[in-house]
Each structure stands twice: as C-alpha cells, then as structure tokens.
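A.B. asks: Okay, handing you the structure first.
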Amino acid sequence: MNRKECVRFLLQGNPLEPQKKQGVGHAPLNIALVKYWGKRNRELNLPVTSSFSISLNSHTHTTVETLPHMEEDVVVLNGMSIPRETTFYQRVKGFIDLVRPEKMAFSVTTINEMPTGAGLASSAAGFAALTRALNDLFSWQLSDSALSCLARLGSGSAARSLFPGFVLWEKGVREDGLDSVAHSLVETWPELLVAYVPISSTEKPISSTAAMQRTVDTSPLYCRWPVEVEKQLQEATSAITMKEFDRLGRVAESSALMMHGTMLTATPPILYWLPETVSVLHQAWQARKEGFQVYVTMDAGPNVKLLFLEEQKELLHRYFPKAKLLSPLWCDHALSS
Ligand code: PMV
C-alpha cells in the first residue's frame, strides 16, 4: 500500500472536497521519553519500534484555506512566506497532495510557539496541526486514531502530537500501518516538569529522516535498538504507574543517549551535538550529584531538554540559567480544532 492508497482507505465515506472556506487546527509539541528511531516502511513512516512521549503546552496553530484563482500553494510560517524550493514547502505540499482535489491550490498559515528545525520536534506539531486543519476544512470528522495515522504520513512523530499527556505510539504489525497509531495513557503526573536549554536554532545539518535511515542502514549497533526499546517502554510505563521519577528520568536519558550512540556509529557518522550540548550534559550530571534530580533528553538537534519535579523547580535556574520552562499538557480540551 502506498501513501495515497492509505489516505483513500482512511477517508472512505468522507467528503473529498473542502466543505468550507477555512479550516483550523492546533497541536502540541511532544518530546519522546523513549525515542522513535528507524522506519520499517519508509513510504508509510512505519516505525521499527513503539515510542513514548509527553505532550507539552506549546502549540502549533494552522489555518488552511482554498485559493480559488491560484495554481500554487502558499505556505506562510510565523508570518514569513516560505519559498517553494525549500524542504519545508515541499513537505507541506507533498502532504496536501495526498488529499488534494484536482487543480486546487491551498494556503497554509502556521504559527509555531517554538522555533522550527531546532530539534524541538516542531514537524510533529506541524503535521498534527495541519492534519486537524484539513479535517476541519473537509469536515471529515475522523477519529483521533485515524488522524494519528494520517499525521504519521507527514512525519512519524506527528502521530503522537494529536494527544495530550503521556502518549504511546504503537508500532503496529500490519503492513498497511492502520494499527500504527498513538493514544494517551490514563496516567498523569502534574508534578513532572520539562525545560529546554536553547543552544542553536539553526536548521539541522541532516534531516531526522535521512539520519535515521543512515543509522538503520549502517550502524553496527542498530540491531540492539529494538531489544533495548522494548525494555525501556516497559520501564517507563512502570515508572509512571509507580510515580518513580528517578526511574523514568534514567530511562529517558538512556533512550536519548542510545539514539545518539547509534548515530555516532553510522557511516558517515552523525553528530548533532555542539560543544554547549556536552557542557549541559556535564552540568546535569554534576547537578544530580549535588541533589538536583534532573535528567536530560535530546532529539535530532543540539538542544537539550530537562526533566525534573516541581518540588525542585527553584534549582533549575541555579544550574541552567538559560533554561526555559515547558509545562506538560495534561488536559484534552485545548487540542480540538
Ligand atoms: O518525526 P520525525 O521523522 O522527524 O522523527 C523524529 C524522531 C525524534 O524526534 C528524533 C525522536 C522522537 O521519537 O521524537
């Protein structure tokens, strides 16, 4: 099954033309605590393993409109028109192509509350918000599971950005990927806080899609990855049920370091870290020795995210003066479009 066939299946019985002039959608950022790294099917963005994230109260807001007298899509990000030669434009256009009625152009206006392309998984919130906006424009009224499937075709981690709280993206076993969808866990943990240390907001040197593929194809360590992730998923969900923060922090940190370890051993090697990334890691390990239970995680970029508990919040700026707080998103209602 290719992407178009998958979309046709998901949209069965739903309108294939926009039902109004404008559709809007909002979606939160998510940070993986147990990472997604590697696809078993590149066409459908089907992952090798399940992954696990926490959604954050920082959103992408997207408006989609039809452009009756135009031939080309217009994409505007944070008030700037995006040139059609850019990867960003082409990814948005490629996603709309999956549902585009013949010869219809669209304008996509997106506002990100966080910087784009800096390892803060903004493509996840971006494709999830675009999926919700299209759902609104076409009046599909698809379930969140179906929207998760659809968003995954834009960016794998977008499957998780449809939901609040702790989110598990099940890898699924079907070849068509219809069971590779995310859902929220019932557990919440309001005392858990997330922060990030901004290190660089420049575009990454290699996309996560390309980095992940090179890792799968060439890293001799990658064969261990699925086995370790399976253990990490169990450890993370059990830590959450038992409210054992150190256990959760250790798993999240280890998942991120393992992911970067597989990249470092790819050919040619991939290293997203900058010298400041390493400094922040050392700072976190030193802070832990001194009693601040803080754990790090990183995605495909140089920025570091920190996990800690509310009761130690006042220590954050003592150890990480540049850190910015990102509260988790626990409630449902902020998400619907
Ligand atoms: O959604 P993608 O294809 O950009 O993958 C991103 C994967 C990581 O952010 C590095 C890890 C994750 O699980 O979010």
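Throughout, read-outs are computed from the coordinates displayed, never taken from laboratory work. Because the structure is predicted, anything quoted here is derived from the model rather than measured. When we count neighbours, we look across all protein chains shown, and the Cβ atoms used for this are built from the backbone with ideal geometry, even at glycine.
A.B. asks: State which helices in the chain qualify, where a helix is a whole DSSP H run, it must extend 27 Å or more along its own axis by its Cα atoms, and its mean Kyte-Doolittle hydropathy must be at least 0.0.
C.D. replies: Going by DSSP H runs, the hits are 245-264.
A.B. asks: For the chain, what's the relative contact order in percent, using C-alpha pairs closer than 8 Å and at least 6 residues apart?
C.D. replies: That works out to 23 percent.
A.B. asks: Right, another one. My understanding is that a pair violates if its Cα-Cα distance is over 31 Å; which of 39/313; 171/289; 4/171; 103/171; 243/322 do that in this structure? Spell out each step's value before the answer.
C.D. replies: Values: 39/313 37 Å; 171/289 36 Å; 4/171 20 Å; 103/171 35 Å; 243/322 28 Å.
Among 39/313; 171/289; 4/171; 103/171; 243/322, the Cα-Cα distance tops 31 Å for 39/313; 171/289; 103/171.
A.B. asks: Could you give the distance between the Cα centres of segment 105-181 and segment 258-323, to the whole Å?
C.D. replies: Going from one Cα centre to the other spans 27 Å.
A.B. asks: Sort largest first and round to whole Å: the equivalent ellipsoid semi-axes of the chain, each the square root of five times a Cα gyration tensor eigenvalue. Could the numbers behind the result be given before it?
C.D. replies: Numbers: eigenvalues 214, 87, 79 Å².
Semi-axes, largest first: 33, 21, 20 Å.
A.B. asks: When the chain is fully extended, how far beyond the present Cα-Cα distance does residue 276 get from residue 1, taking 0.36 nm per residue of separation?
C.D. replies: 94.6 nm
A.B. asks: Hey, another quick one. For every helix of n ≥ 4 consecutive DSSP H residues, a contribution of -39,500 (n - 2.57) applies; sum these over the chain, divide by its total residues, and give [θ] at 222 nm rounded to the nearest 500 deg cm²/dmol.
C.D. replies: After summing the helix terms and dividing by the residues of the chain, the value is -10500 deg cm²/dmol.
A.B. asks: So which residue, out of 59, 317, 26, gets the largest mean-square fluctuation from a GNM of the chain using Cα contacts under 10 Å as springs?
C.D. replies: So, out of 59, 317, 26, the one fluctuating most is 317.
A.B. asks: Once the Cβ-Cβ distance between residue 201 and residue 285 is put in as r, and R0 is 30 Å, what FRET efficiency do you end up with, to the nearest 0.05?
C.D. replies: Details: r = 25 Å, r/R0 = 0.83.
Here the calculated transfer efficiency is 0.75.
A.B. asks: Still on this model: Please compute the modelled spin-label separation between residue 174 and residue 250, points set 7 Å along Cα→Cβ, answer in nm with one decimal.
C.D. replies: 3.8
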